[in-house]
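What follows is one structure encoded as structure tokens, with my remarks underneath.
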Amino acid sequence: MTRLRWGAWLWIAGLVTVPAQVIAAAQWPQRYSWASNLISDLGVTSCDTFDVGTRVERYICSPAHLLVNGSFVVVGVTLLIGSLLLWSAWPRLRTGRVAMAFLAVGGVFVILVGVFPWDTHPEAHDVVALAQAVTQWVGMILLAVASRGSTAARWISALTIVSLIVSVLGFLLFVDAIGGGPTQALGRGLVERVAFDTLTLWSAAVGLILLMTPARNLARAYSSVGTRRL
């Protein structure tokens, strides 16, 4: 039970990126737009006008970029270690373990997002960001299947399905906005946050559900986990 609680706390700790981004945005010499600027703009290491001549041309200057990139690394570490600690904490053991494996790999990709700022490693940054989303989506699908049994597990399954739909929809809107489609009117930054921030909020919410579930109920729900297979 201690390991389960630690894993839940680590997933909640991923929320550290929220205040980090707020603080970094406040440091911009020019106003950071939560609707128009991208998440990665907060981690850009130099001050310049980027994507000149394109639909997404914008001036970026983020003095607190180290704070933001560091928070991405922390989020990745908490997702990675938290997933390993929650390795066997699901009613359907085999599916749950595969789900945790995908989410752990997603954590590695989040770490790389912070290691490769967009301005210095644009291709690598974009690739690992996309890989993070895809691996987490797969992990979430598997976890929704694995989380069936107790009341807490059913809550986690329902939350996961809703969050997955919201994240994927946000990503599709983001792609449309980047391509100059009608979604651009909503704000590229806004729809990008719907796609990616939903993933961080989801893991924190799952961790909270696990912590709010009485220890005796968790013990009862997972005591026979070894006999449950998919």
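Here are the numbers for the structure shown:
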{"item": "Per-region count, the range 34-60, residues surrounded by fewer than 21 Cβ atoms within 10 Å (Cβ to Cβ) and farther than 17 Å from Phe196 by Cβ", "result": "14"}
{"item": "Selection from the range 134-151 of residues that are in contact with a Ser or Thr (Cβ under 7 Å, 6 or more places away or on another chain), crowded, with 20+ Cβ neighbours inside 10 Å and assigned to a helix (DSSP H, G or I)", "result": "Met140, Leu142, Leu143, Ala144, Ala146"}
{"item": "Positions within the range 40-60 being assigned to a loop (DSSP other than H, G, I, E, B) and either in contact (Cβ under 8 Å) with a residue 24 or more places away in the chain or within 19 Å of the chain's Cα centre (by Cα) (or both), in sequence order", "result": "Val44, Thr45, Ser46, Arg55, Val56"}
{"item": "Counted residues, the range 10-32 - those being among the polar types (S, T, N, Q) and modelled with pLDDT under 95", "result": "1"}
{"item": "Residue match in the range 56-74 (condition: at pLDDT below 95 and hydroxyl-bearing (Ser, Thr, Tyr))", "result": "yes"}
{"item": "The listed residue being under 14 Å from the mean Cα position of the chain (by Cα) and at pLDDT 85 or above, out of Trp155, Trp202", "result": "Trp202"}
{"item": "Any hit, the range 30-39, residues being in a helix (DSSP H, G or I) and of a type outside the set (A, V, I, L, M, F, W, C)", "result": "no"}
{"item": "Selection from the range 131-168 of residues that are within 18 Å of Ala89 (Cβ to Cβ) and of a type in the set (Ser, Thr, Tyr)", "result": "Ser147, Ser150, Thr151, Ser157, Thr160"}
{"item": "Conditions (1) touching a helix residue (DSSP H, G or I) at 6+ places or on another chain (Cβ under 7 Å); (2) of a type in the set (Val, Ile, Thr); (3) within 16 Å of Pro122 (Cα to Cα): number failed by Val16", "result": "(3)"}
{"item": "So Gly7, is it crowded, with 20+ Cβ neighbours inside 10 Å and either at pLDDT below 95 or over 19 Å from the mean Cα position of the chain (by Cα) (or both)", "result": "yes"}
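The values are calculated or read from the model by the stated rules, or taken from the named source; none is laboratory data. As the structure is a computational prediction, the values presented were derived from the model and not from experiment. Every residue, glycine among them, receives a Cβ derived from its backbone with ideal geometry; neighbour counts consider all protein chains shown.
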